[in-house]
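The values are calculated or read from the model by the stated rules, or taken from the named source; none is laboratory data. Bear in mind the structure is a predicted one, so any value in this text is a computation, not a measurement. Using ideal geometry, Cβ is built from the backbone for each residue, glycine included, and neighbour counts are taken over all protein chains shown.
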Amino acid sequence: MYDYLIVGAGLYGAVCAERLKAAGKNILVIDKRDHIAGNVYTENIEGINVHKYGAHIFHTNDKRVWEYITRFIEFNRFTNSPVANFKGELFSLPFNMYTFNKMWGVVTPEEAAKKIEEQRKEAGITEPKNLEEQAISLVGRDIYEKLIKGYTEKQWGRPCNELPAFIIKRLPVRLTFDNNYFNALYQGIPIGGYTKLVENMLQGIEVRLGVDYLKEKAELDKLAEKIIYTGPIDAYFDFSLGTLEYRSVRFENELLDMPNFQGNAAVNYTDSETPYTRIIEHKWFEFGKDAEGNDLPKTVISKEYSSEWKPGDEPYYPVNDDRNQALYAKYKELADKESKVIFGGRLGEYKYYDMDAVILSALVKSDTLE
Ligand code: UDP
């Protein structure tokens, strides 16, 4: 008999497992995949840690989270500075003075602010009601058209005026020459990969892989007093109230015989014609462009294709629009009645969580458990 059965060996599950074990609990972690680490899983290919379920760049302003996570592995000093490619024209991201200069030829912050204000006025937006209006009022119509509209509609498969405004607020806008994507004090990539990080967190904890909880629920439930479930909340209830929508992502990975494909970890293709949203070149997450390792003769790239989730696909992004939020609220009511089960993480809480927020939420939850 275990004190806790943890369903899912991703970040949420790993943090809970580690904390509860430290508190003296007897833990079993299961995952239906044949590997740990959930969607932060990395696989070493030719000396390069490939982010198999999409790029993960750790960033946080939370000292507790940073101090906690760095107990398990050392992080490098990677700074995310993606480049946007609009039909061969390159722009700096996030939106900053380099972007505004390239777009409009403006040189000072005052000129940039004036240009954005002009375009906002022209659009007549006072209170942004959706992603399109939010984007135009933040950066003006030109940037919306070239760097946001195509990318966002590819990523979400929905028109920008039907998407929630909060999605675009994730992106910083600044009137400085600063290409650092995240406004975060602490950032980096675990040296040796995320899989190693999660492996270290789960050290000494029993983990069974290739076990599908929902298929063997009755048997597995008998093994533990309590359950921490990090899978999709709607699947837990057998989709009885309907299906929550997710976006899924498909990756086309290529191992190339060249040392440098695109000179940057992430290049976003922001037009609507290119079928993929971005290309990730994994080596640049690990080796500074001027550091040892950048002379590896090979490189691994991943083209990222976004698609609507259907049963059997991997769910990636919850679609937090009104319809889905309302449905989630109903599932949450059911979940609250399951006294033995704690629902957590991106899929368990149907939330567009960053890694640091997942870790924090698992830490806070673990503090309350006994
Ligand atoms: N986005 C955009 N153009 C870009 C990059 C991002 O319009 O070049 C928008 C898009 O709507 C996306 C959101 O910003 O869904 C958040 O982007 P982020 O890079 O934070 O997404 P993630 O890395 O989580 O996929």
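Odds and ends about this structure:
- Residues considered: Asn200, Asn180, Asn161. Of these, the only one that is within 19 Å of Tyr98 (Cα to Cα) and of a type in the set (S, T, N, Q) is Asn180.
- Of all residues in the range 321-338, those that are part of a loop (DSSP other than H, G, I, E, B) and modelled with pLDDT under 95 total 1.
- Hey, Thr243 over 30 Å from Lys330 (Cα atoms) and among the β-branched types (Val, Ile, Thr) or not: no
- Pick from the range 81-115, criterion more than 16 Å from the ligand (Cβ to nearest atom) and crowded, with 19+ Cβ neighbours inside 10 Å, ranking: farthest from Trp284 (Cα to Cα): Lys115
- Under the condition of being surrounded by fewer than 17 Cβ atoms within 10 Å (Cβ to Cβ) and not acidic (Asp, Glu), the residues counted in the range 56-74 number 5.
- Subset of the range 347-370 (residues that are in contact (Cβ under 8 Å) with a residue 60 or more places away in the chain, in a loop (DSSP other than H, G, I, E, B) and in contact with a helix residue (DSSP H, G or I) (Cβ under 8 Å, 6 or more places away or on another chain)): Glu349, Tyr350, Tyr352, Leu369
- Taken across the range 79-98, residues that are assigned to a loop (DSSP other than H, G, I, E, B), among the β-branched types (Val, Ile, Thr) and more than 25 Å from Asp354 (Cβ to Cβ) do not occur at all.
- Qualifying residue in the range 20-36 (condition: in a loop (DSSP other than H, G, I, E, B), buried (at least 21 other Cβ atoms within 10 Å of the Cβ) and either more than 16 Å from the ligand (Cβ to nearest atom) or at pLDDT 95 or above (or both)): yes
- Scanning the range 310-332 for residues that are of a type in the set (Phe, Trp, Tyr) and within 18 Å of Asp238 (Cα to Cα) yields Tyr328, Tyr331.
- Subset of the range 136-153 (residues that are near the ligand (Cβ under 9 Å from one of its atoms) and within 15 Å of Thr277 (Cα to Cα)): Leu147, Ile148, Lys149, Gly150, Tyr151, Thr152, Glu153
- Residue among Ser240, Ser248, Ser272 that alone is hydroxyl-bearing (Ser, Thr, Tyr) and more than 30 Å from Glu89 (Cβ to Cβ): Ser240
- One residue from Pro190, Pro164 being more than 9 Å from the ligand (Cβ to nearest atom) and farther than 30 Å from Asn44 by Cβ: Pro164
- Residues being part of a helix (DSSP H, G or I) and farther than 28 Å from Arg158 by Cβ - total across the range 106-133: 9
- Which numbered condition Leu185 fails, given (1) under 18 Å from Met355 (Cα atoms); (2) within 16 Å of the ligand (Cβ to nearest atom); (3) exposed (fewer than 15 other Cβ atoms within 10 Å of the Cβ); (4) not acidic (Asp, Glu): (2)
- Among the residues of this structure, Asp313 counts as one that is touching a residue at least 60 places away in the same chain (Cβ under 8 Å), part of a loop (DSSP other than H, G, I, E, B) and more than 13 Å from the ligand (Cβ to nearest atom).
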